[in-house]
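The structure appears below as structure tokens.
The values are calculated or read from the model by the stated rules, or taken from the named source; none is laboratory data. None of these values were measured; they are calculated from a predicted model. Reconstructed Cβ throughout: ideal geometry from the backbone, glycine too, with neighbour counts over all protein chains shown. The area values use the complete protein model at the heavy-atom level, side chains included, leaving out ligands, DNA and RNA. Shrake-Rupley method; radii C 1.70, N 1.55, O 1.52, S 1.80 Å.
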Amino acid sequence: LIAAAPSAKIIAGNRQCEKIFGHPYIACDKVGDYIGYVGFRPDGSRVRPHEWPLVRSVTGGEVVTGEEIVYRRADGNKRCLLWYSSPIRDEGGEIAAAVATFLDITQRKRGERELEEAKAQAELYVDLMGHDINNMHQIALGYLELAREVQVDDGQAEFLEKPIEVLERSARLIQNVRKLQRSTSGGYEPEVYDLGAVIDDVSSRFKGSPDRYVNITAGTVKGVMVEANELLRDVFENLIGNAIKH
């Protein structure tokens, strides 16, 4: 669209403009008459006629880049438009006109909304599944640990230890999935950690392994401050745990 100054009368447009707005631009005297039906910003606030990008460019010289406006046509059909507008100045620097282009991003916004809804639904399923499975794990572990207290032959002890180990691994897997889910959604805020203190704390948990000799030697890193999140502890737990296991 092209509007002339100072009247803001539309002097040019194309057929795509007519298709999007739902009526011929040549029938309108002013920009405000043409695009001032009903428009809304993404936050839901109303766009008044003088606030449309093309009007602001032709009357105030404003350059508008990438502004989203939801336009409701006279037939009730809503379109989401991405606006760009800029003034055109004459040799003396005065605003002679303004030009605006816009993209119909209705389908894109609908796709983004559907993706957000699908993501929220998937996260809900993960939460529900993780919660219920974890509850079942705790019940099974409780009974198995009670059974382990009963005197059994050495050859039968393995039949209790193995399922306990598998259930504990499964519980850790669910916990890791939840951590990954929280991490991808920005749920972990960065903080400053003492790297040496984290390593010492993690190491102390493994040095007392009852079934094998574990010797962990860490360099002098106390006082080395790093910016990370609480998953830093998991990094060293996995590294040390896998080293002991394998």
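Within region 166-207, work out how many residues are under 26 Å from the mean Cα position of the chain (by Cα) and among the aromatic types (Phe, Trp, Tyr).
Here the count works out to 2.
Quick grid of which residues meet (1) within 30 Å of Gly142 (Cα to Cα); (2) among the hydrophobic types (A, V, I, L, M, F, W, C); (3) outside any helix (DSSP H, G or I); (4) open to solvent by 70 Å² or more (accessible area, probe 1.4 Å):
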| position | (1), (2), (3), (4) |
| --- | --- |
| Leu173 | yes, yes, no, yes |
| Leu180 | yes, yes, no, yes |
| Ser203 | yes, no, no, no |
| Gly223 | no, no, yes, no |
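Any idea how many residues of region 225-235 are more than 27 Å from the chain's Cα centre (by Cα) and in a helix (DSSP H, G or I)?
Residues that pass the stated criteria total 0.
Assess whether Val235 counts as being in contact with a strand residue (DSSP E or B) (Cβ under 8 Å, 6 or more places away or on another chain), open to solvent by 40 Å² or more (accessible area, probe 1.4 Å) and modelled with pLDDT of 80 or more.
Working: in contact with a strand residue (DSSP E or B) (Cβ under 8 Å, 6 or more places away or on another chain): no; open to solvent by 40 Å² or more (accessible area, probe 1.4 Å): yes; modelled with pLDDT of 80 or more: yes.
When the stated conditions are applied, Val235 does not pass them.
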